[in-house]
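**Q** My questions all concern the structure below.
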Amino acid sequence: MVIVENVRMSLLLPHVISRKDLNVKKFECCSAENVNITKYELDPAHQIMLPNFLKSVVPPLPHYSRKLIILPLATLGIVGFLINTHVSFITSNGICYPQTNVVFLKTHKCAGSSIQNILMRYGDKHKLNFVLPKSGNYLGHPSKFSRTLVAPPLTFTYNILAHHARLNYKEIRAVMPRNSIYITIVRDPIEIFESSFSYYSFDKLFKCDIHKFIKHLPKFSNKFLTKRLRGKFGANQMFFDLGGDPEMFQNKTQIFEYLDKLESWFHLVLVAERMEESLVLLRHLLCWDIDDVVTFKLNARNPIYKSNLSATEKEKLLELNYADAFLYDRFLKKFDKEVEAFGRERMAAETAELRKRKLEWYELCVKDEKPTSKRITPKHYYNPKVMTLHTWTNVTNTTCNSMTIEELPFTEQLRQRQMAAIPQSFKTVIPRNKTKTKSSTKMIKKAV
């Protein structure tokens, strides 16, 4: 359940409510056919907004009479909070409900683990259903997502898709509810490539460090643009993860046409370098509580594995990541417009509050942050290139555990819970055309 922080204070102290105390927002939930969602806009005036059915009653009444109507509503809001109902922001259109159907297209090396953790925590807390592979944490990647990878939602509903999947919008829509919110995250392509080079050990593949790789780029470019490490990792990583084909990588017209599609599909594109602002926009888009979007920096790289690049080296990497450069520029500009529409002052206030809550949770939960030399607990796996959050030994808070646990152990926990509750969500169905092909093959063999 979600209530705006300043509204919450006003509900607790109704006698001091005034028009300037409330900062009310407009929120329109998505419909089955309309993908473009109006998420937030500046209010023309900071004033008390009531549900539509009361608008015709309240204006003629004197100020004290308005309070008589507002007080019961405030009481209902508090009761709703206590019984964990989905009452949230009071808006000009009535009451907005938290969104529980979310698709997060997780892009590699874009701080996606932190966003994924938010969604996994929320889904676990509210017993929502996840689109999960039978094992591991990949849904078909590097092949594009297909509905055949997961069980058809005939007797149940999927709520959240948050694991690595290569975008196939049509196929994802086939398994997710029509009113799902689509989000993803982007990052400076230079930073992505430098991080990938280290994390995925491209140095072993090319037998040189990143500086020599950049120096000899003409030698490596063609090979690197057409072939990917393990079929997954390489140049233009975001464009590839978001469903773009390698044949488009150097075709500006095709790149722009595909970016237009992406912009029409996603309701919000977060920006890794502006994480706090991203989380505020995400919170309002989903109508969630501020603590729901508090997250730590998960899967962060050990600083000793980072490389400092010169301006010339960065320019060469941008040329290599041609499609990603256009993608990042497009969505960074759109993000600026989103923040402007939200309101700069309002954003500053909410990011400050988010920062405060994050610090409070960090001090409560985290003892230290350092690389792991060995697997010490079931919630961590060994990777010396990654920083690990270690909780205090006496911490029993379940939220602390879920905020610091890594992706693979958390995924396994969710999988075991869902297998027990909805075993049919892991029973995939073989498409008819494939079945016919197999039957035909057997008949041919028998005939021979």
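The values are calculated or read from the model by the stated rules, or taken from the named source; none is laboratory data. These numbers were taken from a predicted model, which means no experiment stands behind them. No Cβ is skipped: glycine too gets one built from the backbone with ideal geometry, and neighbour counts run over all protein chains shown. Only protein heavy atoms, including side chains, enter the accessible area calculation; ligands, DNA and RNA are left aside. Shrake-Rupley method; radii C 1.70, N 1.55, O 1.52, S 1.80 Å.
**Q** Under the condition of being part of a loop (DSSP other than H, G, I, E, B) and among the basic types (Lys, Arg), which residue from the range 224-252 is surrounded by the fewest Cβ atoms within 10 Å (Cβ to Cβ)? Walk me through it before giving the result.
**A** Step one: filter the range 224-252 for residues part of a loop (DSSP other than H, G, I, E, B), giving 227-228, 230-232, 234-236, 242-245, 249-251.
Pick out the ones that are also among the basic types (Lys, Arg) and you get 227-228, 230, 232.
Numbers: LYS227: 11, ARG228: 16, ARG230: 9, LYS232: 16.
Checked the range 224-252; the qualifying residue surrounded by the fewest Cβ atoms within 10 Å (Cβ to Cβ) is ARG230.
**Q** Can you tell me which residues in the range 125-156 are open to solvent by 50 Å² or more (accessible area, probe 1.4 Å) and either small (Gly, Ala, Ser) or under 20 Å from LEU298 (Cα atoms) (or both)?
**A** So in the range 125-156, the residues open to solvent by 50 Å² or more (accessible area, probe 1.4 Å) come out as 125, 127, 134-135, 138, 143-144, 147-149, 154-155.
Matches in the range 125-156: LYS125, SER135, TYR138, SER143.
**Q** Moving to a separate point now. When you scan the range 151-169, do you find a residue that is assigned to a helix (DSSP H, G or I) and under 20 Å from the mean Cα position of the chain (by Cα), even just one? Let's see the steps before the verdict.
**A** Of the residues in the range 151-169, the ones assigned to a helix (DSSP H, G or I) are 169.
Retained after the next criterion (residues that are under 20 Å from the mean Cα position of the chain (by Cα)): 169.
Checked against the condition, which is being assigned to a helix (DSSP H, G or I) and under 20 Å from the mean Cα position of the chain (by Cα), the range 151-169 yields at least one hit.
**Q** Going through LYS379, LYS427, LYS374 one at a time, which residue ends up being closer than 30 Å to ALA151 by Cβ and modelled with pLDDT under 75?
**A** Details: LYS427 fails: modelled with pLDDT under 75; LYS374 fails: closer than 30 Å to ALA151 by Cβ.
Residue meeting the stated conditions: LYS379.
**Q** OK, next. Could you figure out which of (1) acidic (Asp, Glu); (2) open to solvent by 50 Å² or more (accessible area, probe 1.4 Å); (3) within 17 Å of SER310 (Cβ to Cβ) isn't true of ASP203?
**A** In the conditions (1) acidic (Asp, Glu); (2) open to solvent by 50 Å² or more (accessible area, probe 1.4 Å); (3) within 17 Å of SER310 (Cβ to Cβ), ASP203 misses (3) alone.
**Q** Mind checking whether some residue in the range 172-181 is without any contact (Cβ under 8 Å) to a residue 60 or more places away in the chain and surrounded by 18 or more Cβ atoms within 10 Å (Cβ to Cβ)?
**A** Initially, the range 172-181 is screened for residues without any contact (Cβ under 8 Å) to a residue 60 or more places away in the chain, giving 173-175.
Checking which are surrounded by 18 or more Cβ atoms within 10 Å (Cβ to Cβ) leaves us with 175.
Looking through the range 172-181, at least one residue is without any contact (Cβ under 8 Å) to a residue 60 or more places away in the chain and surrounded by 18 or more Cβ atoms within 10 Å (Cβ to Cβ).
**Q** Filter the range 265-316 for residues that are of a type in the set (Asp, Glu) and either in a helix (DSSP H, G or I) or under 15 Å from THR351 (Cβ atoms) (or both); which is most open to solvent (accessible area, probe 1.4 Å)? Before the answer, list the steps.
**A** Taking the range 265-316 and keeping what is of a type in the set (Asp, Glu), we get 273, 276-277, 289, 291-292, 313, 315.
Applying the additional criterion that residues be either in a helix (DSSP H, G or I) or under 15 Å from THR351 (Cβ atoms) (or both) yields 273, 276-277, 291-292, 313, 315.
Working: GLU273: 88, GLU276: 65, GLU277: 38, ASP291: 42, ASP292: 23, GLU313: 32, GLU315: 117 Å².
Among those that are of a type in the set (Asp, Glu) and either in a helix (DSSP H, G or I) or under 15 Å from THR351 (Cβ atoms) (or both), it is GLU315.
**Q** Let me ask something additional. Does any residue of the range 190-208 turn out to be of a type in the set (Phe, Trp, Tyr) and in a loop (DSSP other than H, G, I, E, B)?
**A** Yes: one or more hits.
**Q** Here's a follow-up. Looking at the range 363-374, is at least one residue farther than 14 Å from MET275 by Cβ, of a type in the set (Val, Ile, Thr) and touching a residue at least 60 places away in the same chain (Cβ under 8 Å)?
**A** yes
**Q** Among (1) under 30 Å from SER310 (Cα atoms); (2) open to solvent by 40 Å² or more (accessible area, probe 1.4 Å); (3) not basic (Lys, Arg), there is one condition ILE192 misses while meeting the rest; what is its number?
**A** Only one criterion in (1) under 30 Å from SER310 (Cα atoms); (2) open to solvent by 40 Å² or more (accessible area, probe 1.4 Å); (3) not basic (Lys, Arg) is unmet by ILE192, namely (2).
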